[in-house]
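Undergrad: Handing you this structure, nothing more for now.
The values are calculated or read from the model by the stated rules, or taken from the named source; none is laboratory data. Keep in mind it's a predicted model, so treat the numbers as computed, not measured. Cβ: placed from backbone, ideal geometry, glycine included. Neighbour counts: every protein chain shown.
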Amino acid sequence: MNSEIELKLRLTPGAAGKVARLPWLRKLSGGPPKRHKLQTVYFDTRKLKLHQRGVALRIRRADNRYLQSIKARGSAYGPFERGEWEHEIPRDAPDLKLVKETPLAPLATRKLKRKLRPIFETIVERTTFPIHADGTALELAVDRGHIATRGIRRREPISEIEIEVKEGAPEELVKIARRLARSVDVAYGPRSKGDRGFALRSRKLDAPVRAAPILLDARSTAGEAFRVIGFSCLDHALENERAIRQGDTEGVHQMRIGLRRLRAAMSIFREMLSGHETEAFRRELKWLTEQLSPARDLDVLIAGQVHPLREAQPVGADAGVLERELKARRKVGMEKAREAVDGDRYRASGLQGALWLAYGAWSRSGASSIKACREMPVAEFAAEILTKRSKKILKKIGKIERLDPRARHKLRIAVKKLRYACEFFGTVFGADKRDARRRRFCKTLKSLQEFLGTLNDIEVHKRFAHTIARSGNDNASRSREALAMGFITGREDKQVASCLSDVQKAAAKLARLPEFWR
């Protein structure tokens, strides 16, 4: 197996031509670039069995040669890294005799061979620059072309850069990427051509994307684990930008989840992440979250509280007036979100985050405390974090009735971070009976988070009701909106006592559950 270390960057079709003409790039490559036409066909079953298992089977034709590749998706391979198995074959049909010791081997039956068929192809003009810098050999490839599905005629343009480390220090890849970003408009592109092709085939290119499972090697260090977790969260967030451009509020929700999970990961691993770069990236995550919040918060209020009142008496008509107002505000919020993901700051922050996760200062620091944390076995690190955070949460919940709304909000965030930590470290502790314990632990944390979330929503809705009441606008519509919000907050006030009781019951259940990390 080969292990690729590569970075994918998106760029506009116009910018692709500029890259090939960059004087510094031509100087580093020591000569004219090489040009090839590449045709790559991806094979799968009609039901996309291989794709669903995280495996890609493709045959690439270049210079009258055929190269069969099997690629494994999965975060266990680390940042910019994917498992790849390649063989030259005599013709343009898959040879399943060559899949031993690959992720495809368990699936390679005679039945699969009969069902394999071309699903889509990529056709690109590739301009390649070999680069040698400070003892490191890299290859920078500019790809321009398209993805085309078989049978169902759909196309998706390709305009991207791939930088691959052939030999030497991966840090040089980051230096080249930063230099490119100063020369042309580029963005970090987490989606591979293969993933885009399967999404095109399934009509899901613009659909919201949910988080992928995180696979950690139990033998890895805490630093290696953070990279894997960080990239999974960043990719989850950024892969939802197309859905946001289409005005899909679920895309906003999924991007916010990705950002929250990344911020939680940074909190969990904070002992190894101090420094200016970390704080700068944390500010960018906070900024982007703020751009997305209005659209999502209003969507939740409309769907969860206002819309169900449309048929209720005596506030049904007033709820209808409020719903129209909130939908207008949500539209403004969606436009704010769209403007954010279309802007230069978003593009720059995505690349900033990818390069920081890969080889930021935190990963090279020689400070004894940071280095010790970074090199700690991940199982030991995870057990320490889970123990400390679960004890702290249970202690706080014991005083839940004395906590003010702000303190309850902080407690909810702490519970959410613990739940994310349990998900992040799930594969570290094996797939035996402890995995069933982990699922029960996570399920209880989720219930606890939801009860605390309801308490927080009640406070948010109170503040919103006060905003409407104090707007200074005395027209009839605003009065009806205030009446409907007053009805909602009055009804929610009656839920506080039962919510507090539910929190205490969930906490008692959590305290009784065995620690799956022991």
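Undergrad: Taking the condition of being touching a Gly at 6+ places or on another chain (Cβ under 9 Å) and in a helix (DSSP H, G or I), how many residues in segment 212-231 meet it?
TA: Within segment 212-231, residues that are touching a Gly at 6+ places or on another chain (Cβ under 9 Å) and in a helix (DSSP H, G or I) number 5.
Undergrad: Here is a further query. How many residues are more than 24 Å from R463 (Cα to Cα) and without any contact (Cβ under 8 Å) to a residue 40 or more places away in the chain if we restrict to segment 399-421?
TA: 3
Undergrad: When you scan segment 428-441, how many residues do you find that are surrounded by 17 or more Cβ atoms within 10 Å (Cβ to Cβ), out of contact with any Leu (no Cβ under 8 Å at 6 or more places or on another chain) and not basic (K, R)?
TA: Residues meeting the conditions: 1.
Undergrad: For the structure I just gave you, tell me whether V228 is outside the structural domain of A16 (by TED's automatic domain parsing) and either at negative phi or at pLDDT 95 or above (or both).
TA: yes
Undergrad: Then there's this: Which condition number does R242 fail, the rest of (1) modelled with pLDDT of 95 or more; (2) within 21 Å of K417 (Cβ to Cβ) being met?
TA: All conditions are met except number (2).
Undergrad: Right, another one. Name, by its number, the condition in (1) at pLDDT 90 or above; (2) under 28 Å from I488 (Cβ atoms) that does not hold for R463.
TA: Only one criterion is unmet by R463, namely (1).
Undergrad: Residues that are of a type in the set (S, T, Y), at negative phi, buried (at least 20 other Cβ atoms within 10 Å of the Cβ) and in a helix (DSSP H, G or I): does segment 291-300 have at least one?
TA: no
Undergrad: What number goes with the only condition from (1) farther than 26 Å from C373 by Cα; (2) touching a helix residue (DSSP H, G or I) at 6+ places or on another chain (Cβ under 8 Å) that S498 does not pass?
TA: Checking S498 against (1) farther than 26 Å from C373 by Cα; (2) touching a helix residue (DSSP H, G or I) at 6+ places or on another chain (Cβ under 8 Å), the one that fails is (2).
Undergrad: Counting only residues that are over 29 Å from L394 (Cα atoms), in the same structural domain as K395 (by TED's automatic domain parsing) and without any contact (Cβ under 8 Å) to a residue 12 or more places away in the chain, give me the helices (runs of 4 or more DSSP H) lying completely in segment 424-518 with at least 3 of them.
TA: Here the list reads 476-493.
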